[in-house]
1. Taking A:P327 and the conditions (1) in the same structural domain as A:N495 (by TED's automatic domain parsing); (2) surrounded by fewer than 13 Cβ atoms within 10 Å (Cβ to Cβ), which numbered condition does it fall short on, given that it satisfies the others?
2. What are the pairs with Cβ atoms under 9 angstrom where one residue, in the range A:293-310, is farther than 20 Å from B:T74 by Cα and the other, located anywhere, is at pLDDT 80 or above and β-branched (V, I, T)? Sequence gap at least six, or different chains.
3. Residues of the range A:89-105 being in a helix (DSSP H, G or I) and more than 13 Å from A:F221 (Cβ to Cβ), which ones?
4. Regarding A:V267, is this residue modelled with pLDDT of 85 or more and more than 8 Å from chain B (Cβ to nearest Cβ)?
5. Among the numbered conditions (1) more than 8 Å from chain A (Cβ to nearest Cβ); (2) modelled with pLDDT of 90 or more, tell me where B:V161 comes up short.
6. Report the residue count in the range A:147-197 for those that are modelled with pLDDT of 90 or more and of a type in the set (V, I, T).
7. Have a look at A:F303, A:F397 and point out the one that is touching an Asp or Glu at 6+ places or on another chain (Cβ under 7 Å), buried (at least 19 other Cβ atoms within 10 Å of the Cβ) and aromatic (F, W, Y).
Amino acid sequence: MTKTSDPAVKNTPLSPLTIAAWLGVVLLLALPLLPVPEFWITQLDYIGLYAMVVLGLVLLTGVAGLTSFGQAAFVGLGAYATAYVTTAYGASPWLGLLCGVLLTLVVALVVAGVTLRMSGHYLPLATIAWGLAMFFLVGNLDFLGKFDGLQGIPPVAVGSFELRTGRSSYYLIWIVALLGALALRHLLDSRPGRAMRALKGGTLMAEAMGIATLRYKVLAFVIAALYASLSGWLFAHYQRSVNPSPFGLQMGIEYLFMAVLGGVGLVGGAFVGAGAVKIAEDQLQNWLPALLGTSGPVELVVFGMVLILVLQVTPQGLWSLVTRRLPVRRQDPSRWAGAEPLPKATPPARGETVLSVQKARKQFGGLVAVNDVSFDVRAGEIVGLIGPNGAGKSTLFNLITGVLPLTGGRVDYRGQRIDGRTSRAIARLGMSRTFQHVRMIPDMSVLENVALGAHKRGAAGVLRAMLRLDRRDERRLLGEAWKQLQRIGMAALANEPAGNLALGQQRLMEIARALCTDPALLLLDEPAAGLRLKEKQALGAVLSQLRGEGMSLLLVEHDMDFVMTLTDRIVVVEFGTKLTEGSPEVVREDPAVRAAYLGVEH
Amino acid sequence: MDSTIAAVLLLDGIGNGAVYALLGMAIVLVFAVTRVILIPQGEFVAYSALTLAMLQLGRVPGTVWLALLLAGLTLVRELWDGMRTKRAWSVTGLEIVRLCALPVAAAAVTYLASGHAWPLALQAVLTLVLVTAIGPLVYRLAYQPLADASVLLLLIVSVGVHFTLVGLGLVFFGAEGYRTPPFWDTHFDVGAVTISGQTIVTLVVSALLMLGLWLFFSRTLAGKALRATAINRLGARLMGVSTEHAGRSAFAMAAFIGALAGLLIGPTTTMIYDGGFLIGLKGFVAAIFGGLASYPLAVVGALLVGLLDSFSSFWASAYKDVIVFTAIIPILLLRSLTDRHHDEDE
């Protein structure tokens with residue numbers, strides 16, 4: 001099972017693609033030395049500036065699923081901050097950069113704090129409003145020159161060399177943009193990056209894995225804002241003057257347009273989108289007036305229509321047309337095999353009461369879904385929770401794991417009262433779960449999905465990930481994911497996108513993910529559903545082995561053979577009320593249980 | 001500020017607020033039924049005010065050509081889809097008639113009427129019909145192919161539609177601004193305050209429309225079908241409610257409400273081709289106040305926006321828009337504290 005036989009796996013350090021990418025970078029950086037017309041250098045300067053902003057949107061919108069129309073306002077924040085301190089106080093542009101970054105941090109944190117708690121579509125609307133407000137505010141402030149803006153901004157100087165020309169600025173702009181892209185790539189392939197990619201699928205699963213989703217939303221928002229602000233700093237010193245118009249809502253929308261056109265979610269798409277829009281804009285300005293006899297926002301019609309068409313025809317953007325045809329580069333997952341193991345929590349002593357549910361009650365309005373149910377789970381035992389459909393089993397799971405608040409009663413985990421705590425806090429105590437309806441990130445690989453479970457056992461943050469200083473931590477996390485996949489018998493599928501798995505395999509993947517959290521108690525919601533007999537037997541063996549290691553399991557299952565052979569004790573619920581509890585033999589013979597399942601009068 | 005000024009501002013705010021309320025309700029309606037956040041709502045407002053202005057001037061309104069253009073594009077699109085899916089020609093033909101008959105007829109009548117000085121009320125009705133007919137075409141062309149896409153994607157499409165419609169507005173109406181005559185050119189003196197007839201018309205019409213919407217959604221089958229679609233698209237579809245028709249109806253209603261709003265503010269605001277956007281956005285602030293879900297709260301929000309609008313234009317007119325749009329931040333804060341967080345997938 002450890003040997004992968006996937007023929008698509010390539011492990012060469014330098015693939016033709018990498019070489020092509022490097023050649024592209026070298027060509028890009030050599031361009032100003034070649035006899036390229038000034039016009040194109042200027043175009044490329046702007047494309048680099050735009051791409052910086054769009055890179056932020058790739059992270060925010062494409063990866064984290066949060067849309068912002070207000071990025072242009074952050075560009076403005078960076079531009080005006082440096083413009084003001086360099087013109088009013090004669091400060092160095094580098095001090096201007098620092099001011100811009102700090103100001104952006106504060107504003108982004110405030111906007112994020114207000115809007116990110118809400119469901120998806122409030123953020124874009126709030127950013128529209130904030131983009132407009134910022135535009136009108138800057139345009140009315142005296143010390144920022146009102147709608148005329150500020151002039152006479154000094155160029156950036158590196159040592160004694162001043163970047164006064166388009167060609168010299170080109171290097172600064174493109175080095176920053178390419179480094180920004182590289183840092184983003186690194187981030188996406190890391191612990192915090194996976195957490196951000198998990199945000200798109202809603203917060204329930206990520207929180208249950210102990211991931212602080214709000215924190216990662218805020219981080220993605222702040223990073224995107226900083227990319228925009230950095231572009232604004234470059235922009236101010238490149239143009240040497242600022243006024244409000246490039247930072248209005250219109251431009252904010254255009255940035256999003258670039259991201260969508262290029263392929264939101266793809267780092268390369270940022271450059272493709274920025275390039276396509278900038279060049280198309282120029283060409284349209286040239287030939288539209290000749291064609292229609294008017295100038296001005298008629299290009300908007302073309303822009304708008306192209307945007308709609310692109311979304312209808314290829315919602316993944318232009319760059320995806322290229323990446324789709326490229327061979328998938330996959331790393332051999334067995335390289336994680338020898339990783340240093342993650343630290344493990346001390347397991348409870350055998351026989352210790354791990355979970356204690358006392359008179360748990362849940363009412364939805366007048367409906368009593370869970371009616372004063374009590375039971376215990378001790379260390380090293382498997383407890384089955386059975387009952388007809390609608391008996392309240394999944395609700396009970398949600399009460400124990402903190403997804404739903406209790407109406408009455410209490411839940412204790414290893415001597416601590418846990419009802420009223422968030423599902424994240426409970427997960428961090430060492431309780432893990434799977435879901436009745438599988439929750440995964442379909443476009444992430446199986447290995448990455450499973451590694452989400454190990455998230456809370458790692459420590460690498462955004463900065464370390466962007467600078468690639470997280471490899472040791474990363475290796476341990478992926479090593480753990482790999483180990484759990486092996487244990488569950490899915491090592492051969494580690495590289496597969498999770499969305500390609502059959503339902504039964506998805507359920508197994510969820511178990512592997514839950515195991516990665518190093519749980520003392522594992523709650524499994526119908527783990528055997530969708531599995532074939534052989535797979536069920538293998539799963540049963542794994543669960544028995546886990547019990548042997550001292551882990552406790554609580555499982556909801558409808559497959560009676562599976563439950564009867566595997567569990568030590570069974571709790572039966574019907575209509576939210578506990579019917580009985582006992583060993584499989586006792587429960588099997590209980591007339592009340594038979595009545596509940598078969599409808600015999602009792 | 002003395003009490004007279006306060007009363008004037010109050011009246012002004014309520015008048016504007018009534019219009020924002022209409023737009024806010026249209027936005028809530030469209031979002032509930034189709035999950036589209038209707039950024040281009042303001043364009044219907046501008047189109048309608050400009051159409052009436054053109055008719056008043058005895059010119060052919062650009063909306064005529066716009067409607068014909070969109071109908072033509074719809075024709076092409078339906079034919080293309082018909083060929084691609086190999087459905088029966090009769091089905092394609094029926095769809096085309098359903099979608100294009102009203103806009104083409106309305107455009108034709110408007111074209112014929114444009115040379116004659118019809119009474120204002122008749123021109124207003126014509127304007128309403130013409131702009132309303134555009135709504136379903138917009139849905140068909142831009143949104144229907146993406147009906148099951150995410151809210152986010154639909155929002156970005158909305159931005160594209162907004163750009164397109166604003167640009168088309170410039171092409172068909174030019175960059176000049178117009179005002180339309182008031183529907184009731186009279187004044188009443190109540191103490192020191194003068195109430196214009198137009199304000200009364202605005203308030204009465206808005207109130208009637210709200211009542212009409214309420215009756216439609218609570219008493220008619222079509223209204224209930226729309227509500228069902230809003231609550232559960234799949235379930236509604238399984239029960240035989242066509243989500244496509246629901247979407248088109250929602251857009252027709254939104255266009256109608258937008259057109260009505262355009263007629264109501266036309267006499268007090270000089271309208272240009274892109275002037276609807278900011279007005280529509282204020283409707284948005286109102287809709288967000290209602291969490292994009294509650295009609296009564298959207299109305300309350302709209303009145304607040306209207307009052308904020310008029311009072312801030314008195315105290316700090318340069319910062320008027322800053323104040324109105326930053327007002328959304330405390331509103332969002334309030335909502336984020338009161339809304340129970342829920343998972344957004346499913």
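The values are calculated or read from the model by the stated rules, or taken from the named source; none is laboratory data. Not measured: the values here are computed from a predicted model. All Cβ positions, even for glycine, are placed from backbone atoms using ideal geometry, and neighbour counts span all protein chains on display.
1. (1)
2. Note: pairs meeting the criteria are A:T294/B:V171; A:P297/B:V166; A:V298/B:V171; A:L300/B:T164; A:L300/B:V166.
3. A:P93, A:W94, A:L95, A:G96, A:L97, A:L98, A:C99, A:G100, A:V101, A:L102, A:L103
4. Yes; evaluated as a whole, the condition is true for this residue.
5. Against the list (1) more than 8 Å from chain A (Cβ to nearest Cβ); (2) modelled with pLDDT of 90 or more, B:V161 comes up short only on (1).
6. Total meeting the criteria: 3.
7. Just one listed residue meets the conditions, A:F397.
Here is a yes/no grid of residues against (1) closer than 28 Å to A:L178 by Cβ; (2) touching a residue at least 60 places away in the same chain (Cβ under 8 Å); (3) among the aliphatic types (A, V, I, L, M):
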| site | (1), (2), (3) |
| --- | --- |
| A:G461 | yes, yes, no |
| A:R468 | yes, yes, no |
| A:E474 | yes, yes, no |
| A:G479 | no, yes, no |
| A:Q486 | no, yes, no |
| A:A491 | no, yes, yes |
| A:N500 | no, no, no |
